[in-house]
Amino acid sequence: MAAGLEIRLFGGLEIRVDGAPVSAFISNKAPALLAYLALVGRPVMRDTLATLFWGEMNDADAKNNLRQALTSLRKQCEPFLEITREHVALRQEQAIWLDVTEFARQSRGAADLPVEERMARLTGAVTLY
């Protein structure tokens with residue numbers, strides 16, 4: 001995928017925007033947050049994210065760290081994020097590609113296909129892995 005946001009989770013987290021690698025995040029939790037948002041595919045409450053990623057901290061510090069992580073993500077992935085006072089999500093209308101989603105798409109229903117088509121789809125899925 002050349003245009004859009006590409007997130008690869010197989011073999012280690014890799015993020016690309018329009019084909020260019022993105023790696024200058026404030027911490028390791030910022031790209032992990034992006035990956036989480038891609039996996040859940042829906043808006044998540046900010047309080048939930050603060051607790052999930054910084055649960056060992058008090059609420060104020062956790063929310064501050066979330067704000068910093070979102071600022072870092074916004075700098076690199078602005079058009080793909082929807083950030084409000086209440087929730088954070090990836091914009092589903094944007095071109096977002098996630099390898100685990102593509103793996104599931106290619107694997108799903110393969111058993112019901114003719115052998116040649118099944119092999120082609122499963123080979124594509126394995127290649128992603």
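The values are calculated or read from the model by the stated rules, or taken from the named source; none is laboratory data. Quantities reported herein were computed from a predicted structural model and do not represent experimental measurements. Cβ placement follows ideal geometry from the backbone for every residue including glycine, while neighbour counts extend to all protein chains displayed. Remember, those area values only see protein heavy atoms, side chains included, never the ligands or the DNA or RNA. Shrake-Rupley method; radii C 1.70, N 1.55, O 1.52, S 1.80 Å.
Could you give the longest part of the chain that holds none of the GluC sites (Glu not before Pro) found in DSSP loops with at most 14 neighbouring Cβ atoms within 10 Å? Intermediate values should be presented prior to the final figure.
Numbers: sites that count: Glu56, Glu86, Glu93.
By the stated rule (loop sites, at most 14 other Cβ atoms within 10 Å), 1-55.
Tell me, in nm to one decimal, what length is gained between Met45 and Asn28 on full extension, where the rule is 0.36 nm per residue of separation less the Cα-Cα distance? Intermediate results must be reported in sequence, preceding the final value.
Numbers: separation 17, 0.36 × 17 = 6.12 nm, distance 2.03 nm.
Extending this stretch completely gives an extra 4.1 nm.
How high is the FRET efficiency from Ile83 to Thr127, r the C-beta distance, R0 25 Å, rounded to 0.05? Don't skip to the answer; put the middle values down first.
Values: r = 34 Å, r/R0 = 1.36.
My answer for the efficiency is 0.15.
Residues with beta-carbon under 13 Å from that of Glu6, excluding Glu6: net charge, scoring Lys, Arg +1 and Asp, Glu -1?
Details: positive: Arg8, Arg16; negative: Glu14, Asp18, Asp99, Glu102.
Around Glu6, the charge tally is -2.
For the chain, modelled as a GNM with alpha-carbon contacts under 10 angstrom, which of Leu113, Leu98, Leu73 fluctuates the most?
Highest fluctuation of the listed residues: Leu113.
Among Met45, Ala62, Thr127, whose Cα projects farthest towards the positive end of the dipole of the chain, with charges put on the beta-carbon of Lys, Arg (+1) and Asp, Glu (-1)?
Ala62
Ignoring ligands, DNA and RNA, what percent of the 1.4 Å accessible area of the chain is carbon and sulfur?
So the carbon and sulfur contribution to the accessible surface is 53 percent.
Taking the Cα centre as origin and putting +1 on Lys and Arg beta-carbons and -1 on Asp and Glu beta-carbons, what dipole magnitude results for the chain, to the nearest 20 debye?
Numbers: 15 positive and 16 negative charges, 34 e Å.
My answer is approximately 160 debye.
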